[in-house]
Amino acid sequence: MTDLGAGTIYTETVVYSPPEAYVNDVPYQLAIVELAGGRRVTGRVIFEKAGERAQIGDRVEFAEFRNNVPFFKKQL
Amino acid sequence: MRPVAVAGIGKTAFGAFPDRDLRSLAVEAGQKALENGHANASQVEAFYLGNFAGPSFTGQNHLAPYIASAMGITGVPATRFEAACASSGSAFFHAVSAVGAGLYDVVLVAGVEKMTSQSTPKVTEILAGAGDLCGEVRAGATFPALFAMIARRHMYQYGTTREQLASVAVKNHQNGAKNPLAHMRKVITMEQALAGKMIAEPLTVYDCSLISDGAAAVLIMPLDRVGDFTDKPVRVLAVAQTSDNVALDEKDDITTFRAVKTSAEKAYKLAGVKAADIGFAEVHDCFTIAEIIAIEDLGFVPKGEGGPYSLAGGTCLHGERPVNASGGLKSKGHPVGATGVGQICDVVEQIRGQAGERQVKRNSLGLAQNLGGSGATSVVTILGAA
């Protein structure tokens, strides 16, 4: 699958009250990421340590697709 | 288009009613509207129903004739409209358009939702169906999460604060406590609102509207016939519906709802009024941030000033421009398919001077704004004394 490359967090939230399908994932960070060229995608942001967060303006890079959902990690 | 008026209104209480089914709620509201408009079922020439997800919540489909026939309305068109949380606003728009065009005279419009028979995660999943299932929803977006992301961006761009968001909830609960039909008739403090259980950062449970059962209905007809039915008619000065992208990540600027702006512009133009002329409004506060954005998009305050204006009390019952005197979706409740018509009932009550403890002073011109999803449908209605 395509590598989405790097992007910037346009907006984000951390979800505590999930839909039925994701009850085992909470809390999880959901974000709209603006990719190079301006296209925005909605995906998850993942961290190595629990409790870490990305904020608006943070740079992230594409990690992988899981079930067609793009997962990003914070750029160091 | 010939002028259209509301002759009658009917609402059930909003709340959690384990022993009530969808149809009985809709029938109660419809019959109350007929009674209030001094009409009987045999005079109804068409039935318009707003309902978001009756088939998912209850399994029942083919809802419009199912409900209409239980009220004794048969042999006429009975149709369901679905536009997420703007379902009954959309039904109202299409009904007024049909009466205005001369297709029918006496039309009943109802909205209903029966939500509380499902668990919260299941309700969350059904509601998420109003978003983009192939994108944002698959990634784990819920409606609170979508509005949380809108709130975060609004806070980032305009400096909107948690206290400003919470002030919307505190105000709407103050109003809802005075509404005998409201779901949660409870005053809350700023401290409680800020300390609520986190749903999706930065929104707590107090920033979110309620999961409710309920129904509402209005009887409409041409203005030149309404005098035969009631001495308390209210004129529909304008109703406009517009649309936008469903997915949040497809919108250029998520701190504004383009559909609300375009439907409001159309409605103001049709009614021949300006935002400043509107005395009071019922707006779609599915989340506290949605009310702040609504008062900006409707032109009541400049962009970015919705938060400070709310915290300063401008939208309070006796403030400069009362917003959600009914308690709004936050306290009155949000049976999604009933909300749009419910707002119209509340505006009509105010114009008739029948809102009791919730009565606003500048009541001759009121507006209702009904939002579907994260802004893909908007219906704006302007009502005035006939």
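No lab work stands behind these numbers, since they all come straight from the coordinates. Small disclaimer: the values here were computed from a predicted structure and weren't measured. Positions of Cβ are generated from backbone atoms using ideal geometry, with glycine treated the same way; all protein chains shown enter the neighbour counts.
Pick from A:Val23, A:Val45, A:Val33, A:Val60: which is within 9 Å of chain B (Cβ to nearest Cβ), buried (at least 18 other Cβ atoms within 10 Å of the Cβ), without any contact (Cβ under 8 Å) to a residue 60 or more places away in the chain and out of contact with any His (no Cβ under 9 Å at 6 or more places or on another chain)?
Values: A:Val23 fails: buried (at least 18 other Cβ atoms within 10 Å of the Cβ); A:Val45 fails: within 9 Å of chain B (Cβ to nearest Cβ); A:Val60 fails: within 9 Å of chain B (Cβ to nearest Cβ).
That would be A:Val33, the only listed residue that is within 9 Å of chain B (Cβ to nearest Cβ), buried (at least 18 other Cβ atoms within 10 Å of the Cβ), without any contact (Cβ under 8 Å) to a residue 60 or more places away in the chain and out of contact with any His (no Cβ under 9 Å at 6 or more places or on another chain).
Results for (1) crowded, with 18+ Cβ neighbours inside 10 Å; (2) under 18 Å from the mean Cα position of the chain (by Cα), shown as yes or no for each residue.
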{"site": "B:Leu181", "(1), (2)": "yes, yes"}
{"site": "B:Gln192", "(1), (2)": "no, no"}
{"site": "B:Pro202", "(1), (2)": "yes, no"}
{"site": "B:Tyr206", "(1), (2)": "yes, no"}
{"site": "B:Val218", "(1), (2)": "yes, yes"}
{"site": "B:Gly227", "(1), (2)": "no, no"}
{"site": "B:Lys232", "(1), (2)": "yes, no"}
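Just the residues that are of a type outside the set (Phe, Trp, Tyr) and in a strand (DSSP E or B), please, taken from the stretch A:54-76.
Step one: list which residues in the stretch A:54-76 are of a type outside the set (Phe, Trp, Tyr), which gives A:54-61, A:63-64, A:66-70, A:73-76.
Listed by number, the residues that qualify are A:Arg59, A:Val60, A:Glu61, A:Ala63, A:Glu64, A:Arg66, A:Val69, A:Pro70, A:Lys73, A:Lys74.
Which count do you get for residues in the stretch B:229-265 that are part of a loop (DSSP other than H, G, I, E, B) and small (Gly, Ala, Ser)? I'd like the intermediate steps shown before the answer.
Residues of the stretch B:229-265 that are part of a loop (DSSP other than H, G, I, E, B), as a first pass: B:229-233, B:244-247, B:251-257.
Filter again for small (Gly, Ala, Ser), leaving B:247.
Qualifying residue count for the region: 1.
Out of the stretch B:173-228, which residues are free of Cβ contacts under 8 Å to residues at least 12 places away in the same chain, among the hydrophobic types (A, V, I, L, M, F, W, C) and outside any loop (DSSP other than H, G, I, E, B)?
Once the filter is applied, which keeps residues that are free of Cβ contacts under 8 Å to residues at least 12 places away in the same chain, among the hydrophobic types (A, V, I, L, M, F, W, C) and outside any loop (DSSP other than H, G, I, E, B), the stretch B:173-228 yields B:Met198, B:Val205.
I'm told A:Ala54 meets every condition in (1) within 12 Å of the chain's Cα centre (by Cα); (2) within 11 Å of chain B (Cβ to nearest Cβ); (3) surrounded by 20 or more Cβ atoms within 10 Å (Cβ to Cβ) except one. Can you identify the failing condition by its number?
(2)
Does the stretch B:171-202 hold any residues that are of a type outside the set (Gly, Ala, Ser) and within 14 Å of chain A (Cβ to nearest Cβ), and which are they? If you could, list the steps in order and put the result at the bottom.
We begin by selecting, within the stretch B:171-202, every residue of a type outside the set (Gly, Ala, Ser); these are B:171-175, B:178-181, B:183-192, B:194, B:197-199, B:201-202.
Once the filter is applied, which keeps residues that are of a type outside the set (Gly, Ala, Ser) and within 14 Å of chain A (Cβ to nearest Cβ), the stretch B:171-202 yields B:Lys197, B:Met198, B:Ile199, B:Glu201, B:Pro202.
Would you kindly identify the strands (runs of 3 or more DSSP E) lying entirely within the stretch B:1-119 that contain at least 2 residues that are aromatic (Phe, Trp, Tyr) and surrounded by 24 or more Cβ atoms within 10 Å (Cβ to Cβ)? Reasoning before the result, please.
Working: elements: B:4-11, B:46-50, B:78-81, B:107-113.
Those strands (runs of 3 or more DSSP E) span B:46-50.
Could you check B:Ile289 against (1) assigned to a helix (DSSP H, G or I); (2) over 23 Å from A:Ile56 (Cα atoms) and say which number it fails?
(2)
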